[in-house]
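Here's the structure we're looking at; comments come further down.
No lab work stands behind these numbers, since they all come straight from the coordinates. These figures come from a predicted structure and were not determined experimentally. Quick reminder, even Gly has a Cβ in these numbers, built from the backbone with ideal geometry, and neighbours come from all protein chains shown.
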Amino acid sequence: MKIKVGYDIGYGTTQPTPMLIMLSIHPSRQHDIVGKEEISCSGGTPISFYRDTFGNICGRLVAPAGGVTISGRALVNDSGLPDAVEPNAVQLPVEQLPNECLQFLLGSRYCETDKLADLAWSLFKDAPLGWGRVQAICDYVHNHIQFGYPFAAPTKTAYDVHQQRQGVCRDFAHLAVTLCRCMNIPARYCTGYLGDIGVPLDEAPMDFSAWFEVYLGGTWYTFDARHNIPRIGRIVMGRGRDAADVPLSNSFGQMTLTKFQVYTDEAV
């Protein structure tokens, strides 16, 4: 199958303002792009691209006084298969993990392993190692948190969302990532496109989505504590320790969001 993705995101500013953006499809999916991913700015504002330490594609630009609209479009080949399910995937002992996985066991900006370690062990110490334990964590987070866009807050951490029991997809991911790390399972935060393919249409405006990946048996597997079912058509844009590593944009000056539209549709 082919999936059409894109966005139009507007920012207002009163003076020239440097920006970093992370709005490109991740390099791991670049071979699936039909033709070329097109990313442009209103008024011809130039963008230069580089890769960060996590391998994500980032852009640099200076938004002119008055603001800028950043637009992206791509057509992506997809298998049409749901997220892989491997119940026999094993959890490796920490001493056997590759060096590059170790950072995804540690606490980070939004994932306070120190605050949630005791809770995690009290809840999941008897869950089966490996896939079964991760699924138990997803089930717990899915049932513990109420989803709602009004519950979004840029400073909300995994500990906060567990206490408040309300959040958006990034909060579900942060809490699940933190609980996995507490149980010595490497977990990394992901953001990207996830359209309503193979599921009932969501009447809410389309948005980017957050999920997470865990390292089991030598492979990174996708989990999604918000939806808690395998989904079709997931297209990753960024991976990191938490949302602080994969923001849609960072501005080095005062800005306001003036427009936000995301498109994800199966091409017919």
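Would you list THR256, THR178 from fewest to most Cβ contacts within 10 Å?
The fewest-first ordering by Cβ neighbours comes to THR256, THR178.
With a ≥ b ≥ c taken as the square roots of the eigenvalues of the C-alpha gyration tensor of region 160-227, please select rounded if a/c is under 1.5 and otherwise prolate if a/b is larger than b/c or oblate if it is not?
Because a/c hits 1.5 or more and a/b fails to exceed b/c, region 160-227 counts as oblate.
Springs between alpha-carbon pairs under 10 angstrom, Gaussian network model over the chain: which of GLY43, GLY72, GLY217 fluctuates most?
Ranking GLY43, GLY72, GLY217 by mean-square fluctuation puts GLY43 first.
Please give the Cα centre distance for region 1-32 versus region 79-100, rounded to the nearest Å.
29
What do you get for Rg/Rh over region 1-145 if you use C-alpha atoms and the Kirkwood form of Rh?
The Rg/Rh ratio comes out at 1.07.
Under a crude label model (7 Å from the Cα following the beta-carbon direction), how far is ARG51 from ILE229 in nanometres?
3.6
Please identify the chymotrypsin sites (Phe, Trp or Tyr not before Pro) of region 186-268 that satisfy two criteria: DSSP loop assignment and at most 14 other Cβ atoms within 10 Å. Which are they?
PHE252
Kindly rank 84-95, 120-131, 152-163 from highest to lowest mean number of other beta carbons found within 10 Å of each residue.
Final packing ranking: 152-163, 120-131, 84-95.
Please give the calculated 222 nm ellipticity per residue for the chain, where each DSSP H segment of at least 4 residues contributes -39500 (n - 2.57) and the sum is spread over every residue; nearest 500 deg cm²/dmol?
Calculated mean residue ellipticity at 222 nm is -5500 deg cm²/dmol.
Would you calculate the separation in nanometres between label points at ARG73 and GLN103, each defined as 7 Å from the Cα along the Cα-to-beta-carbon direction?
Going from the ARG73 label point to the GLN103 one covers 3.5 nm.
Using only the alpha-carbon atoms, how far is helix 131-144 inclined from the longest principal axis of the chain? Give it as 0 to 90 degrees, nearest 10.
In the chain, helix 131-144 runs at an angle near 70 degrees to the longest axis.
Using bins 5 angstrom wide from zero, how does P(r) for region 94-244 break down, in % of all Cα pairs?
Cα pair-distance distribution for region 94-244, in percent: 2, 10, 20, 24, 22, 12, 7, 2, 0, 0.
How far, in degrees from 0 to 90, does helix 113-124 lean away from the longest principal axis of the Cα atoms of the chain, to the nearest 10?
It works out to around 50 degrees.
For ALA267 and VAL62 in the same chain, what is the full-extension length gain: residue separation times 0.36 nm, less their Cα-Cα distance, in nm?
That pair, ALA267 and VAL62, stretches by 70.4 nm at full extension.
Within region 109-126, find all residues whose amide N lies under 16 Å from a label point positioned 7 Å from the Cα of GLN96 along Cα-to-beta-carbon.
Answer for region 109-126: none.
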